[in-house]
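Each reported figure results from applying straightforward, stated rules to the coordinates on display, with no laboratory input. On a predicted model such as this, the values are computed, not experimentally measured, just so you know. Cβ placement follows ideal geometry from the backbone for every residue including glycine, while neighbour counts extend to all protein chains displayed.
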Amino acid sequence: MYRKKLWTGILSAVILWGAAGLAQPAEAASNNAIKVVVDGKEISLSTAPQIVKGRLMVPYSNVVTGMGGKVSWDAKTKTVKAVKDKNTVTYTVGSATAYINDQKKQLESAPVSINNTTFVPLRALAQSFGMWVKWDNAKKQVTIASKLTVQTKTGPLTLNKVPERIATLSSSDTEIVAALGGNIVGRSTALGKVYPPEAALIPEIGSAHGINFETLATLKADLVIGSPSLQPQTATLEKLGAKVLLNSHNDFKEIQNSIRLYGEVLGKEEEAAKLIKRMDEQLKQITASQPAKKPKALILYGATGSFVVALPSSYPGNFLDLAGGENVAAKFPKMDTMPQYAEFSMERIVAADPDVIYLITHGDPAEVKASFKKELESNPAWKNLGAVKSDQFEVLPNDLFAANPGLRAPEAITALNKLLLQAK
């Protein structure tokens, strides 16, 4: 099982609005400075929140009770216990080790006792009960929610707790969820390399084209992430006890939207924002180096005899545009079954006369290139194309193009950009 810690024990840096000017490691915030709201109701705090070493700490008794839980205190061991629904969380004053249902978890900030009141890290406490935590800097307000409704490609989805066991049915979703720290218990069947590499140990459950329901049932996933094409199977997936999030991303911005969405679902908005910022910075570097004149490019997906043509609305087509190329298939009619692609038409390709031709395949790149070269030599229609005359056809890296690369989109765009800059 691949798992990254879901615990941070801190709020985002914006919550530290008053921390920099504090003279002591722990100092009471103004009674009116920070509000804590649970499911729309403000919690009455007996003692003001404390900022301890840059982290917001709250009196555990008030907050746990406000979340609908029960609390207890063992003075001898300086241990506090919080119970809500089926979850039991135990903290010890001065220790960064906590226990959730007897499983050890490390906190980034240990509970403290100040003036006979025990304070615990707010985000860690709320997330241990599967609740979402958000900070409103304008209102100086922390909002804790036991439910979350998000908008998906097929409509609103309401979650009753932060997902703890996630199954992904696309490689790009696997990589995004892993980068956000989600606990992935099942992933899509790999067609090549697995990203991240450590996810190779996660059980395979098929793909959107065919789910292994038997394996999936054993994994006890509480959230399944798949494409909108799985909508007819939603009821079957829900019978396994999972919520179903249907989503897709066909271009750079949509990939970033997916990162943002999954960050919200996992209570990892800050981590999502960092990933998106990094992608933007990488793209900015790529777009700073563009061909003086955009080469006319054709992107073929598949194998000789069964090619389809990537349109600008597809992820390869979008990457081509961002890399500095002109897609000759921009006005080709889209397919009904694959609306981001067009059917292969020799007549249209000859009329478009591309400067470069790029191939995407799941097969061995060298074999595909050799096979395509034979096709060029045996089919007179190809010979008059500018790309063929100048020997400008390449097989794109299949680990970046055979499936949507998700987080690695900047790498894919970089690969195209380098080829376009080399075009004759």
note = Going residue by residue through region 51-62, the Karplus relation 6.51 cos²θ - 1.76 cosθ + 1.60 with θ = phi - 60° gives ³J(HN,Hα) values, rounded to whole Hz and with x marking Gly or Pro, of 9, 10, 6, x, 10, 7, 10, 10, x, 4, 4, 4
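For residue 406, what charge total do you get from the other residues with a beta carbon under 11 Å from its beta carbon, if Lys and Arg give +1 and Asp and Glu give -1?
Numbers: positive: 408; negative: 173, 175, 254, 411.
Result for the neighbourhood of residue 406: -3.
What is the extension gain from residue 108 to residue 278, computed as 0.36 nm multiplied by their sequence separation minus the C-alpha to C-alpha distance, in nm to one decimal?
Details: separation 170, 0.36 × 170 = 61.20 nm, distance 2.43 nm.
Separation in residues times 0.36 nm, less the Cα-Cα distance, equals 58.8 nm.
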ask   = How far is helix 365-378 tilted, in degrees, relative to the longest principal axis of the Cα atoms in the chain, given as a value from 0 to 90 rounded to the nearest 10?
value = 30
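Are there any trypsin sites (Lys or Arg not before Pro) in region 61-131 that are in a DSSP loop and have at most 15 other Cβ atoms within 10 Å? List them by number.
Values: sites: 70, 76, 78, 81, 84, 86, 104, 105, 123; in loops: 76, 78, 86.
Sparse-neighbourhood loop trypsin sites (Lys or Arg not before Pro): 76, 78, 86.
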query = Given springs between every Cα pair under 10 Å in a Gaussian network model of the chain, which of 206, 325, 68 has the largest fluctuation?
reply = 68
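Counting Lys and Arg as +1 and Asp and Glu as -1, each charge on the Cβ, what is the dipole of the chain about the Cα centre in debye, to the nearest 20?
1300
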task = Rounded to whole Hz and in sequence order, give me ³J(HN,Hα) for region 396-402 from the Karplus expression 6.51 cos²θ - 1.76 cosθ + 1.60, θ = phi - 60°, writing x for Gly and Pro.
result = 6, x, 5, 6, 10, 10, 5
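Once you've got the Cα coordinates, tell me which of 84/139; 53/134; 86/243; 41/84 are over 23 Å apart. Walk me through the numbers on the way to the answer.
Working: 84/139 28 Å; 53/134 20 Å; 86/243 19 Å; 41/84 18 Å.
Where the Cα-Cα span goes over 23 Å, the pairs concerned are 84/139.
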inquiry  = What lysines does residue 253 reach when the alpha-carbon gap must be under 18 Å and sequence neighbours fewer than 8 apart in one chain are set aside?
reply    = 153, 274, 277, 284
request  = Would you order 350, 133, 63, 93 from fewest to most other beta-carbon atoms within 10 Å of each residue's own beta-carbon?
outcome  = 350, 93, 133, 63
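Which length gain, in nm to one decimal place, applies between residue 264 and residue 46 when the Cα-Cα distance is subtracted from 0.36 nm times their residue separation? Kindly include the intermediate steps, with their values, before the conclusion.
Numbers: separation 218, 0.36 × 218 = 78.48 nm, distance 3.05 nm.
Between residue 264 and residue 46, full extension yields an extra 75.4 nm.
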request  = Please give every one of the aspartates and glutamates within straight-line cross-link reach of residue 331, meaning a C-alpha to C-alpha distance under 14 Å, and leave out same-chain neighbours fewer than 8 residues apart.
outcome  = 343, 347, 353
task = Please turn the phi angles of region 229-234 into ³J(HN,Hα) values with the Karplus equation 6.51 cos²θ - 1.76 cosθ + 1.60 (θ = phi - 60°), one per residue in order, whole Hz, x for glycine and proline.
result = 5, 8, 3, x, 9, 4
query = Cα centroids of region 205-260 and region 94-154: how far apart, whole angstrom?
reply = 28
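Would you mind ranking 346, 279 by Cβ crowding within 10 Å, fewest neighbours first? Spell out each step's value before the answer.
Working: 346 10, 279 20.
The most exposed by this proxy come first: 346, 279.
Set the Förster radius R0 to 22 Å, insert the Cβ-Cβ distance between residue 93 and residue 137 as r into 1/(1 + (r/R0)^6), and round the FRET efficiency to 0.05. Provide the component values of the computation, followed by the final result.
Details: r = 30 Å, r/R0 = 1.35.
Rounded to the nearest 0.05, the efficiency is 0.15.
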